[in-house]
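A.B. asks: Just dropping this structure here.
The values are calculated or read from the model by the stated rules, or taken from the named source; none is laboratory data. Owing to the predicted nature of the structure, the values given are computational and were not obtained by experimental measurement. Cβ: placed from backbone, ideal geometry, glycine included. Neighbour counts: every protein chain shown. To get the accessible areas, we keep the full protein, side chains included, count just its heavy atoms, and leave off ligands, DNA and RNA. Shrake-Rupley method; radii C 1.70, N 1.55, O 1.52, S 1.80 Å.
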Amino acid sequence: MAWNVVDRNTAGDLGPGISDAVRQKIRGFFDRYPTRRAVMLPALHITQEALGYVSLQAMRDVAEELEVPPSDVLDVVSFYTHFWTHPRGEKTIMVCRSLSCELLGGRELVEALKEKLGIGEHETTPDGRFSLMTEECLAACDHAPCMMINEKMHKCVRLDQLDQLLDDPDNDRLDMPRSDLYDAPGGEKPDYAALARQHGHHDEPAANAEDDDLGYTSDVGEMKDS
Amino acid sequence: MPKIIIDGKEIECRDGIPVLQAALEAGWDVPHYCYHPGLSVVASCRLCLMEQKMPHPQTKEMGWAPKLFPSCQTPVKDGMEVRFHSESVENNQKHVMEYYLLNHPLDCPVCDKAGECSLQDYSEKFGNATSRMVEDKHKNPKKDIGPKTLLYQDRCVLCTRCVRFADEIAGTGELAVVERGSRGEIDVFPGEPLANDLQGNVVDLCPVGCLLDKQFLFRQRVWNLQTVPSVSPADSSGACIWIDANDAGVHRVRPRFNERVNEWWISDEQRHGFEYVNREDRLTRPRIRENGQVRGASWEEIPAHLRAAFAGDGSAFVISPMLSNEEAWLLATFARQVAPNAVLACGHVPVEGQDRSFPKGFTIRAEKAPNRGGVERILAHFGGPQMSFDELCGQAADGTLKAVYVYGGYPAAWITPAQAEQLSRLDCLVVHDLFDGPLTERADLVLPAAPWTEREGSFTNCDGLVQAFERARPPRSGIKAEGQFFQELCGLPGLFRSAKIRTMLGESIADLAETFQPRKEPEHAH
Amino acid sequence: MPYEQILMRNVGVKNSQSLKVYQQAGGYASAEKALKMSVEDLVEFVKGGNVRGRGGAGFPAGIKWGFLPKERETTYLCVNADESEPPTFCNRVLMEHDPHMMLEGILIAGYATRTNVAYIYMRGEFTEQFHIVQKAVEQAYEAGYFGTNILGSGYDLECYVHRGAGAYVCGEETGLIESLEGKRGWPRIKPPFPAIAGAFGKPTVVNNVETLAVLPHIIERGLDWWNGLGTANSKGTKMYCISGPVNRPGCYEAPLGISTRELIYGEDFGQGMRDGMKVKACSPGGLSMGFLRGDLFPENPSKGEVDLTSDYDELDCILDFDDVRRYDLLGLGTAAAVVVAEDTDIRRVLTNVCRFYALESCGQCTQCREGTAWMYKIAQRIEAGAGRSFDLDLIEEVTKNMGMMPGMSICGLPDGAAWPIRTLVQKFRAEFEQHLAAQAPNAAAERIIATNPAAYDLPVLQGRALQPSGGTYLVPKD
Ligand SMILES: Cc1cc2nc3c(=O)[nH]c(=O)nc-3n(C[C@H](O)[C@H](O)[C@H](O)COP(=O)(O)O)c2cc1C
Ligand code: SF4
Ligand code: SF4
Ligand code: SF4
Ligand code: FES
Ligand code: FES
């Protein structure tokens, strides 16, 4: 097979950076920890809220705020499954794939969603509305099978309810008092539809996704080709 | 010094080191990947495991503990007993070696590391040559991670030595692990390539052929190279190096452990700066100007010529900091033989910026010559008329000096046009150098020099440390190496041997008589 | 007999998350009491209760606190709310319904460990729970339970919620600390233990949510009450979880020492299997502790004796810290059971379990990184109907050569991987063999050639890869 040699000397398009308001919000966390670096996860959460994903430029900006090399931010972003390194949709559906849910239909749920939305894992619908991913046990096994749409947990999801669930405009909204601690400042939100148009939705799979299906698409794999 | 028992044999070891280091120093071959004495301990490869005797929790009787311990993470303690030759240790080694091969491409035929690859060696010695995985291997890309370095991801064993090096020694942190689990990779941030001035070390550190040096890429198979201990002339630090060379030239420079100077590392300048020794346009024949005509000369006719030209007043010798202690001493001795009042001057000392120190103390010296310390020490010993090279040029221009012998030996053009102009007004200018330049054009006698790879001797570094270097290659055809030539000038018979000259020199300058021998470290890239 | 609900007393109560409701039930009185005790007395008191950690390792809390160096300036308390072990959800229930119970526990533990900053490390998937806990923390600050000079005692404690972002291994205490410090959650080598050098290099205590939540109750009701609950070495009350195809999945509180069968079938617990199915397998302590054979298998004729070599029903296993070991389980874990019904293909369970560990291994240690990924590949092939009997031996061999117990890893994740995978392969070998026998005769060979022609081309493997059952040439011990 042909080898791809990835050029790391140049970066190409780094994507959007974070706003001053986001920087301010990140700085608000500095007092809570004895080191700046410890603000990494809060900073990335807020960044992802504001941009929809964590772009390379955003990683550089966060690195600057936390006074670490950008490679350290990349390292952290790629380690945790919640951070996306390419744009995602307005609503991210996170389906549980662990044992209790699987026993009660989790696998079928993922398949049904893939078919209904016409996308695979770590992909986004062309209109920018939905992205799909699976995650290990969401700690709601008593309500298996379950999935989350953004913040909202949907329990005991039945396949015949799926259409209704996906159409519900409030399917990602929590009906309770929220804390905006980890939110983007001032409700900053990306234009998801534009992001989806700009970046296409059926991205090439990760560099080695076709080689062995670990049943999971590596998100950082995206960057390998960028 | 604590005494510990390894495999039933008592050994004495240094204090405060891990058992693994003690075992390696005592000659055991313990497979290990993540441990490197110059880096923090992460104990993650789990290849160096050993058995240890522990008191039984209830009976307090000493016996082999049921679990294995990472020998890289266990400090030596007087009286402790461990073993590497046991069924469970060897069983672990077999399994780990099999795991490493699961997704490894095994493209040794095209891998630069082949022949000095610990994955090859360990597999042969501790593992099985096969893996029982019948699924497809996952393939990772090759990455161009910096101007001088490539990363063949699929060969990586994820020991994180390179990452720790960038964090701890270089302090620049360009390298990171990305992804997790079996999909982990080493990478840099896009657009932030690995470009610090020590980065070449990651290639030596890498126990497999994952990180590769573009300078050495596909250049030679390592089993065709001869390795010689040497000292880097790239700056005044006296970093110890290995030179890998063969009949086709010098191919690679690697660090050689030295606890007083460079420890396990060298700078990129010390590593990559040798290519000039292979240059085709090096001077290889003596040349003489007679009656305005330049002709080739033979080495035999030169001593008489020099004696005649330098016997009178107004002669001077420029002794370059590129020369070894022995050569400098011989040249100075000759100078005082032919002309007791000859001026002696230390040659031009190239300086670039300031000394630069890295977090753990590695320092790149601003002074880009290996032996100013030694030359100055020798000149001080000889006494008599001396001046700086600048002054000497001035006196050459105003006619005070009549005959000057300039030894250069620098890797690149070094003299300013103004200085060359000043020196061209002499009655006799002898230039002994590696390459043609503004000075050789004006010289009455040109002598071809040999680079340090083709000589032997000792350098005195910026801290006064005297260290010997060996000859990696014979002088290029047509060249008489400096030591031999100067020795003949002085009328000493026989072949030049730096150790012999050092003894003679030591009779008058005691502090240059002894060379420092670094501690012998086990080969840690393995 | 319904057991008294202590930790879960507020579940189902209206507005149970609010400070007011908690205080009405006597909340924060224990903390007030604790703050009046001397630190030494408090630690001794908790030691007397033998509060074994609820996070999985079962290490007594008071003793853990005692490891902190006498002389220290800064101490950190990390609350392990990373609950990622499938299928465990008791911490979620606690935080969702009664966050102040945990906060009171934090205050008590913080005082006992002379901590001035506590971090609640909460997994990223907890969204609702995050808002609830964050709100509760704010309320507690307002009421003066956090901040400076708490309740006039002169003791200061800051409490922050720190959200994770999706990594099981960040539940491991040193992985948690690394993650808190803003790094990838790579567990650290020990020593030094967190009690000596943990978060930010300072002495640190990591405790599970439930471990902390029991503290107010012990102080309120006294040691005699606590020590009167449970079995010999397992004291107190515990939140058990049950999920899978049972009639009433959920989280139920009971004193330590109920049996697996009771958890599945008990009136106060799972209330039996859906559609009257039989239990094929049950992992009673969270996924990592290993599987028991269910009542699909015949009853063990010799009552009380455990016979691991025969396929007998093992649901009599008592869920406390000791009895589980007789059944070849790693430990009690989180006491969260998942039940596999008789109609489930055991190969599918194997794949699911293998996938979890393959994707969650952090990738530092070779055995864990490569072993889990390899086993997942094998399990996928077996499930696809292309397995070999040799594969089962191979999986068994791999599981025996990984983990912290044989010294082959930094953290306990691979032990947690080895146990369920090995017990599945060993205890359900007969079913695997049945599936293998039902495969198309050349299925394994064909799939191997299709996915990895190189495996067949390699001279060393030629033929060998295709043997339906090759002998192991690395002879496993025992
Ligand atoms: C891989 C792994 C994952 C773990 N995950 C959790 C977890 O999600 N929650 C938890 O409380 N403890 C978890 N633990 C246990 C912790 O390491 C630690 O023992 C616990 O937080 C200590 O608290 P305790 O003494 O109160 O039980 C995990 C351990 C391992 C090895
Ligand atoms: S790294 Fe070693 S084993 Fe791998 S291809 Fe290169 S030489 Fe062969
Ligand atoms: S690139 Fe080499 S040094 Fe770096 S982790 Fe991989 S094997 Fe180790
Ligand atoms: S045992 Fe596994 S999860 Fe734990 S540190 Fe090692 S590789 Fe990571
Ligand atoms: S297994 Fe799906 S939520 Fe726990
Ligand atoms: S674990 Fe000891 S050398 Fe890697």
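A.B. asks: With +1 assigned to the C-beta of every Lys and Arg and -1 to the C-beta of every Asp and Glu, and no other charges, what is the dipole magnitude of segment A:20-79 about the Cα centre in debye, to the nearest 20?
C.D. replies: Computed about the Cα centre, the dipole is about 140 debye.
A.B. asks: Show me, for segment C:425-442, the HN-Hα J-couplings you get by feeding each phi into the Karplus relation (A = 6.51, B = -1.76, C = 1.60, θ = phi - 60°), rounded to Hz, glycine and proline as x.
C.D. replies: Using θ = phi - 60°, the values come out as 5, 7, 6, 10, 4, 4, 5, 4, 4, 4, 4, 4, 5, 7, 5, 4, x, 9 Hz.
A.B. asks: While we're on this one: Taking +1 at the Cβ of each Lys and Arg and -1 at the Cβ of each Asp and Glu, which of A:F29, A:F79, A:L51 sits farthest along the dipole of segment A:13-86 towards its positive end, judged by Cα position relative to the Cα centre?
C.D. replies: A:F29
A.B. asks: Follow-up. Tell me, how many Å apart are the Cα centres for segment B:418-437 and for segment C:313-333?
C.D. replies: 90
A.B. asks: One quarter of the convex hull surface, Cα atoms only: what value does that give for chain B in nm²?
C.D. replies: Convex hull of Cα atoms, orientation-averaged projection: 28.0 nm².
A.B. asks: Take the alpha-carbon centre of segment B:72-123, take the same for segment C:20-40, and report the distance between them in whole Å.
C.D. replies: 56
A.B. asks: What does the charge count near B:Y407 come to, summing +1 for each Lys or Arg and -1 for each Asp or Glu among other residues with Cβ under 14 Å from its Cβ?
C.D. replies: -1
A.B. asks: Express in % the proportion of alpha carbon pairs of segment A:20-79 at distances exceeding 19 Å.
C.D. replies: Cα-Cα pairs in segment A:20-79 separated by more than 19 Å: 16 percent.
A.B. asks: While we're looking at this one, here's another question. Over the whole of B:187-199, what's the average partner chain Cβ count within 10 Å per residue? Rounded to a whole number, please.
C.D. replies: Per-residue shielding by partner chains comes out at 6.
A.B. asks: Over every pair of different alpha-carbon atoms in the protein assembly as shown, take the mean of 1/r and invert it; report that Kirkwood radius in Å.
C.D. replies: 33.9
A.B. asks: Still on this structure, I have one more. Which angle from 0 to 90°, rounded to the nearest 10, does the C-alpha axis of helix B:372-382 make with the longest principal axis of chain B?
C.D. replies: Roughly 40 degrees, rounded to the nearest 10.
A.B. asks: Please give the per residue accessible area of segment C:235-343, computed with a probe of 1.4 Å over protein heavy atoms only, in Å².
C.D. replies: Per-residue accessible area for segment C:235-343 comes out at 32 Å².
A.B. asks: Near the amide H of A:V6, under 5 Å away, which other amide H atoms are found, from residues 5 or more places off or on another chain, if H is placed in the peptide plane?
C.D. replies: Close amide H contacts, sequence-distant or interchain: B:K142, B:K143, B:D144.
A.B. asks: Of A:P169, C:I421, C:V39, which is farthest along the charge dipole of the protein assembly as shown in the positive direction, counting Lys and Arg as +1 and Asp and Glu as -1 at C-beta?
C.D. replies: Projecting each Cα onto the dipole axis, the largest value belongs to C:V39.
A.B. asks: State in Å² the accessible area per residue of chain A; use a 1.4 Å probe, count heavy atoms of protein chains only, and round to the nearest integer.
C.D. replies: On a per-residue basis, 39 Å².
A.B. asks: Here's another thing I want to ask about it. Tell me, what is the 1.4 Å probe accessible area of C:Y76, in Å² to the nearest 10?
C.D. replies: So the heavy atoms of C:Y76 present about 20 Å² to solvent.
A.B. asks: What is the antiparallel percent of DSSP beta bridges lying wholly in chain A, to the nearest 5?
C.D. replies: Looking only at bridges with both residues in chain A, the antiparallel portion is about 55 percent.
A.B. asks: Once Lys and Arg get +1 and Asp and Glu get -1 on their Cβ, which of C:A213, C:G144, C:A109 lies farthest toward the positive end of the dipole of segment C:19-227?
C.D. replies: After comparing all options, I get C:A109.
A.B. asks: So in segment C:19-227, what percent of DSSP beta bridges are antiparallel if you round to the nearest 5?
C.D. replies: 10
A.B. asks: Mind listing the phi-derived Karplus ³J(HN,Hα) values for segment C:191-201, rounded to whole Hz, using 6.51, -1.76 and 1.60 with θ = phi - 60°, and x for any glycine or proline?
C.D. replies: Those phi angles translate into x, x, 6, x, 4, 9, 9, x, 4, 6, x Hz.
A.B. asks: Here is a follow-up. Need one value for B:96-105: mean number of C-beta atoms belonging to other chains within 10 Å of its residues' C-beta atoms.
C.D. replies: 4
A.B. asks: Could you tell me the center-to-center distance, by alpha carbons, between segment A:1-45 and segment C:156-191 in angstrom?
C.D. replies: Comparing the Cα centres of segment A:1-45 and segment C:156-191, I get a distance of 19 Å.
A.B. asks: With every protein chain kept in the model, how would you rank A:H82, C:H100, B:H56 by accessible area, 1.4 Å probe, largest at the top?
C.D. replies: Largest to smallest exposure gives the sequence B:H56, A:H82, C:H100.
A.B. asks: Which order do the peptides B:151-162, C:305-316 take when ranked by the mean count of other beta-carbon atoms within 10 Å per residue, highest first?
C.D. replies: Top of the packing list down: B:151-162, C:305-316.
A.B. asks: Would you work out if chain A is rounded, prolate or oblate? Take a ≥ b ≥ c from the square roots of the eigenvalues of the alpha-carbon gyration tensor; rounded if a/c is under 1.5, else prolate when a/b is larger than b/c, oblate otherwise.
C.D. replies: It comes out oblate by the Cα gyration axes.
A.B. asks: Can you list, by residue number, the Cys in chain A that have no neighbouring cysteine C-beta under 4.7 Å?
C.D. replies: Within chain A, the cysteines lacking a partner Cβ under 4.7 Å are A:C137, A:C141, A:C146, A:C156.
A.B. asks: Here's something else I'd like to know. Show the residues, 5+ positions off or on another chain, whose built amide H is closer than 5 Å to the amide H of C:S259.
C.D. replies: Here C:L319 satisfy the definition.
A.B. asks: Moving on to the next point. One-quarter of the Cα convex hull surface for segment B:221-348, in nm²?
C.D. replies: Convex hull of Cα atoms, orientation-averaged projection: 10.8 nm².
A.B. asks: Going by amide H atoms built from the backbone, whose H comes under 5 Å of the H on A:T92, apart from near neighbours?
C.D. replies: Residues meeting the amide H criterion: A:S131, A:N150.
A.B. asks: How large is the dipole of segment C:182-278 about the Cα centre if only Lys and Arg carry +1 and Asp and Glu carry -1, each at its Cβ, rounded to the nearest 20 debye?
C.D. replies: About 700 debye.
A.B. asks: Which order do the peptides B:406-415, C:191-200 come out in when sorted by mean C-beta neighbours inside 10 angstrom, highest first?
C.D. replies: Taking the mean over residues of other Cβ atoms within 10 Å, the ranking is B:406-415, C:191-200.
A.B. asks: Which whole number gives the average, over all residues in A:24-35, of C-beta atoms from other chains lying within 10 Å of the residue C-beta?
C.D. replies: 3
A.B. asks: Applying the Karplus parametrisation 6.51 cos²θ - 1.76 cosθ + 1.60 with θ = phi - 60° to the phi angles of segment B:287-292, what ³J(HN,Hα) value in whole Hz is obtained for each residue in order, glycine and proline being reported as x?
C.D. replies: Here the 3J(HN,Hα) series is 9, 9, 9, 10, 6, x Hz.
A.B. asks: Once you order the gyration tensor axes a ≥ b ≥ c over the Cα atoms, which shape class does segment C:28-163 get: rounded for a/c under 1.5, otherwise prolate or oblate by comparing a/b with b/c?
C.D. replies: Cα axes put segment C:28-163 in the oblate bin.
A.B. asks: A further question follows. Below 14 angstrom from the Cβ of B:V294, what's the summed charge of the other residues (Lys, Arg +1; Asp, Glu -1)?
C.D. replies: Charge balance in the 14 Å sphere: +1.
A.B. asks: Taking a ≥ b ≥ c as the square roots of the Cα gyration tensor eigenvalues, with a/c under 1.5 meaning rounded and otherwise prolate when a/b beats b/c, else oblate, which class fits segment B:3-97?
C.D. replies: It comes out oblate by the Cα gyration axes.
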